[in-house]
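The next block holds one structure in the form of structure tokens; read it before the comments.
The values are calculated or read from the model by the stated rules, or taken from the named source; none is laboratory data. As the structure is a prediction and not an experimental result, all values here were calculated from the model. Backbone-built Cβ (ideal geometry, glycine too); neighbour counts: all protein chains shown. Accessible surface areas use protein heavy atoms only, side chains included; no ligands, DNA or RNA. Shrake-Rupley method; radii C 1.70, N 1.55, O 1.52, S 1.80 Å.
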Amino acid sequence: MQDILVLYYSQHGATRELARLIARGIDSIDGCRARLRTVPKVSTVCEATEPAVPDSGAPYVERQDLVECIGLALGSPTRFGNMAAAVKYFLDGTSGEWMAGALSGKPACVFTCSGSMHGGQESTLLSMMLPLIHHGMLIIGLPYTEPALSHTQSGGTPYGVSHVAGLKNEKPISDDEKTLAIAQGKRLAEAAKKLAQEPFR
């Protein structure tokens, strides 16, 4: 079994649910399994700290998770058209892995949730791609060969799966969004499996 890291930050649960659906797609591919991880919240108060182990959900990510994975799905809620500070803070601390080429040649995909349809989903997805490209990762998108991408009335982009959660997080993930999240996990796992057999550096 080879692990694919599904790394996300979720404040109200919608991004976590997308992560679980992507993980389901990964787990459906023989020889692959999802490793769900999260990042701690960033505080503006210097003395504030998060518990060593989250109260619920996935464990916090460790540097070794990046080294051991054969692929990465990175997710964040949309914050003013950009990734959340907690995700950016974690990525800013990965220069050691960048220098070692720990992620180079591995495939990656991105996913997000926003409160409104025009909340900046696509710019958030693009912002998450940039550090992954600097790491030498190969970006896996969602092609229009996925029928749900053409008729979704809520989230879903060719840059990566997305979900419109509503301003009060009241909207459940739609059937199209679920279909696209599982499909994205499958595509990532299939690409990672092939690249692990014949590495691309």
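Things worth noting here:
- Segments classed as helices (runs of 4 or more DSSP H), wholly inside region 118-201, with at least 3 members that are in contact (Cβ under 8 Å) with a residue 40 or more places away in the chain, open to solvent by less than 10 Å² (accessible area, probe 1.4 Å) and of a type in the set (Gly, Ala, Ser): 175-197
- Taken over region 67-114, the criterion of being of a type in the set (Gly, Ala, Ser) and closer than 25 Å to Leu180 by Cβ is satisfied by Gly71, Ala73, Gly75, Ser76, Gly81, Ala84, Ala86, Ala108, Ser114.
- Test set (1) open to solvent by 20 Å² or more (accessible area, probe 1.4 Å); (2) within 18 Å of the chain's Cα centre (by Cα); (3) under 24 Å from Glu62 (Cα atoms); (4) of a type outside the set (S, T, N, Q) - Trp98 fails condition number: (2)
- Put simply, of Leu72, Leu103 the only residue that is modelled with pLDDT of 95 or more and either within 13 Å of the chain's Cα centre (by Cα) or open to solvent by 30 Å² or more (accessible area, probe 1.4 Å) (or both) is Leu72.
- Among the residues listed as Arg24, Arg37, the single one being open to solvent by 20 Å² or more (accessible area, probe 1.4 Å), at pLDDT 95 or above, touching a helix residue (DSSP H, G or I) at 6+ places or on another chain (Cβ under 6 Å) and under 22 Å from Asp92 (Cβ atoms): Arg37
- Region 75-100 - residue that is closer than 26 Å to Gly156 by Cα and charged (D, E, K, R) and, of those, modelled with the highest pLDDT: Lys88
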